[in-house]
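Trainee: Below you'll find the structure I mean.
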Amino acid sequence: MATLLETWRVQAYGNGLTKPEQEKLWNEYFVLEKGFYEEVLADPTHVFEGTVKELADHFKIDVFHFTGVLDGIDDSLKGYHNPIDTMDENTVVKIEIDPEKLYYNMVEAKASWLYKLPQWDSILTEERRHELYREQKASGTVRRQGKKVYPNDPCPCGSGKKYKKCHMRIDEEEALKAYAKEVNA
């Protein structure tokens, strides 16, 4: 039997639903998620603890969608992880947010409807939110080492041949292999 998390991920990300059904699921989820964060951010020091079912009922979210919330918030908790991979409705979970981690992760998820909630104004200064935003955006920036080599430039290996006639194809194949390895990891 599939776990709550497996069921959530198959439906939300996998082939468990048609495209229109998946869009409907996400639209419903985003509304519930926003309400969840509005309550959590209203008192960011409050620790919520109980079974998955109890907390889902508290936040007025069904267990299926609440599983998605727990999956999404797990990396934003204060120094611990809930057993989301194995949990069922009766598993005790705790929600104690780390505000800076949460804000950073919301920016990473491109969830502007969450990181622009007015509750943030009393939690993190505008300056700190801006710093976290910049940190997150910079973390995804990949900068080339050294000068770009164009096809008609001399090959960096020193052979005297044009790059396109020497190492360009080899470099492209290595880059594709590295990308494929990263994607399949």
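Trainee: Hand me the list of helices (runs of 4 or more DSSP H) wholly inside segment 49-113 holding 2 or more residues that are surrounded by 16 or more Cβ atoms within 10 Å (Cβ to Cβ) and of a type in the set (D, E, K, R). Step through it out loud before you land on a result.
Mentor: Details: elements: 52-58, 63-73, 99-108.
Result: 99-108.
Trainee: For Leu41, only one of the following conditions fails: (1) of a type in the set (A, V, I, L, M); (2) open to solvent by 20 Å² or more (accessible area, probe 1.4 Å); (3) in contact (Cβ under 8 Å) with a residue 60 or more places away in the chain; (4) closer than 23 Å to Lys116 by Cα. What is its number?
Mentor: The number of the failed condition is (2).
Trainee: Those residues that are at pLDDT 80 or above, open to solvent by less than 100 Å² (accessible area, probe 1.4 Å) and out of contact with any strand residue (DSSP E or B) (no Cβ under 9 Å at 6 or more places or on another chain), I need them from segment 138-165; list them, please.
Mentor: Residues satisfying the conditions are Ala138, Ser139, Lys148, Val149, Pro156, Cys157, Gly158, Ser159, Lys164.
Trainee: Among all residue pairs at least 6 apart or on different chains, which show Cβ distances below 8 Å where the first residue, located in segment 79-92, is closer than 14 Å to Leu55 by Cβ and without any contact (Cβ under 8 Å) to a residue 24 or more places away in the chain and the second is open to solvent by 30 Å² or more (accessible area, probe 1.4 Å) and basic (Lys, Arg)?
Mentor: Asn82/Lys94
Trainee: Please enumerate the residues belonging to segment 111-164 that are farther than 30 Å from Trp26 by Cβ and in contact (Cβ under 8 Å) with a residue 12 or more places away in the chain.
Mentor: Val149, Tyr150, Pro151, Asn152, Cys155, Tyr163, Lys164
The values are calculated or read from the model by the stated rules, or taken from the named source; none is laboratory data. Predicted model only: the values in this text are computed from it and were never measured. Heads up, the Cβs are rebuilt from the backbone with ideal geometry, glycines too, and the neighbour counts pull from every protein chain shown. Heads up: the accessible areas ignore ligands, DNA and RNA and are worked out on the full protein's heavy atoms, side chains in. Shrake-Rupley method; radii C 1.70, N 1.55, O 1.52, S 1.80 Å.
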